[in-house]
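Shown next, in structure tokens, is the structure this report addresses.
The values are calculated or read from the model by the stated rules, or taken from the named source; none is laboratory data. Keep in mind the model is a prediction, meaning the values are calculated, not measured. When we count neighbours, we look across all protein chains shown, and the Cβ atoms used for this are built from the backbone with ideal geometry, even at glycine.
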Amino acid sequence: MSDKHFAYSGDPEARRPMHLVDEGFQEFKRTSAIAGFCHCLIHTGYLTINAMERHDCINKDCVFFEKFNDFPYWLNEQRKEQERLKNRKIKEKKKQRQERHQSALQEKTDKIFKAAETIAREYEYPIVITRVAPLKDERNNYKYIINYVSNYPGNDWYEYHTLAFILGYHYGGFYILRHTKKPNGEYATISDWENREGNTDVS
């Protein structure tokens, strides 16, 4: 450390005489405005924060620059960096929680889909389960929309309501049967679903 370095008193208004880079001698300069000292023979002297930024000492990794780590500017930068790291960790943990939650939700949704197919087959329901979609309500509880198609050209969910009861008994939660519609508002048939490849009218 340079013998020109002096300890920061802790008083942000403390002043003392010093020779500054770019400004020359100053009789009463606030010590809290100082970032370090420049040992370059061309402009030897104390560097204010503005002068340090103007000369780009940090980005240039200047060998002549001596950083006063115990001065307010650097202590504040250290606190900000710690805060950034803290916030980054919080975001990472939140993202990990969301990913775990989404993974668990997808796993449950896949199980429900397979179970719905099995129930429909065992009860010989003339339907095809097309998709299971989780739907979060205002209380953050999940309802599950069981999308299906049948050859009846109407809303025939009540014919298969036992399927929803069985799912609720085994998996908990609330289930809604929904006969899939085409964009024109008509109810999709099994034939529509089976011939959907390359056709965006049924989803």
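With the checklist (1) surrounded by fewer than 10 Cβ atoms within 10 Å (Cβ to Cβ); (2) in contact with a strand residue (DSSP E or B) (Cβ under 9 Å, 6 or more places away or on another chain); (3) modelled with pLDDT of 95 or more in hand, flag the one item Glu124 doesn't pass.
(2)
Given the condition surrounded by 15 or more Cβ atoms within 10 Å (Cβ to Cβ) and aliphatic (A, V, I, L, M), answer yes or no: does some residue in segment 84-101 qualify?
Within segment 84-101, none of the residues are surrounded by 15 or more Cβ atoms within 10 Å (Cβ to Cβ) and aliphatic (A, V, I, L, M).
If only one of Phe113, Phe64 is surrounded by 15 or more Cβ atoms within 10 Å (Cβ to Cβ), outside the structural domain of Tyr175 (by TED's automatic domain parsing), out of contact with any helix residue (DSSP H, G or I) (no Cβ under 9 Å at 6 or more places or on another chain) and on the phi < 0 side of the Ramachandran plot, which one is it?
So the residue among Phe113, Phe64 that is surrounded by 15 or more Cβ atoms within 10 Å (Cβ to Cβ), outside the structural domain of Tyr175 (by TED's automatic domain parsing), out of contact with any helix residue (DSSP H, G or I) (no Cβ under 9 Å at 6 or more places or on another chain) and on the phi < 0 side of the Ramachandran plot is Phe64.
Any idea which of Glu27, Glu53, Glu81 is in contact with a Pro (Cβ under 7 Å, 6 or more places away or on another chain), without any contact (Cβ under 8 Å) to a residue 24 or more places away in the chain, outside the structural domain of Val128 (by TED's automatic domain parsing) and farther than 30 Å from Asn141 by Cα?
Going through Glu27, Glu53, Glu81 in turn, just one is in contact with a Pro (Cβ under 7 Å, 6 or more places away or on another chain), without any contact (Cβ under 8 Å) to a residue 24 or more places away in the chain, outside the structural domain of Val128 (by TED's automatic domain parsing) and farther than 30 Å from Asn141 by Cα: Glu27.
Given (1) at pLDDT 90 or above; (2) out of contact with any helix residue (DSSP H, G or I) (no Cβ under 7 Å at 6 or more places or on another chain), identify the lone condition not met by Leu167.
Result: Leu167 passes all but (2).
To keep it simple, each residue is scored yes or no on (1) farther than 30 Å from Phe165 by Cβ; (2) in contact with a Lys or Arg (Cβ under 6 Å, 6 or more places away or on another chain); (3) assigned to a helix (DSSP H, G or I).
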{"site": "Glu53", "(1), (2), (3)": "yes, no, yes"}
{"site": "Asp61", "(1), (2), (3)": "yes, no, no"}
{"site": "Asp70", "(1), (2), (3)": "yes, no, no"}
{"site": "Trp74", "(1), (2), (3)": "yes, no, yes"}
{"site": "Arg84", "(1), (2), (3)": "yes, no, yes"}
{"site": "Lys91", "(1), (2), (3)": "yes, no, yes"}
{"site": "Ala116", "(1), (2), (3)": "no, no, yes"}
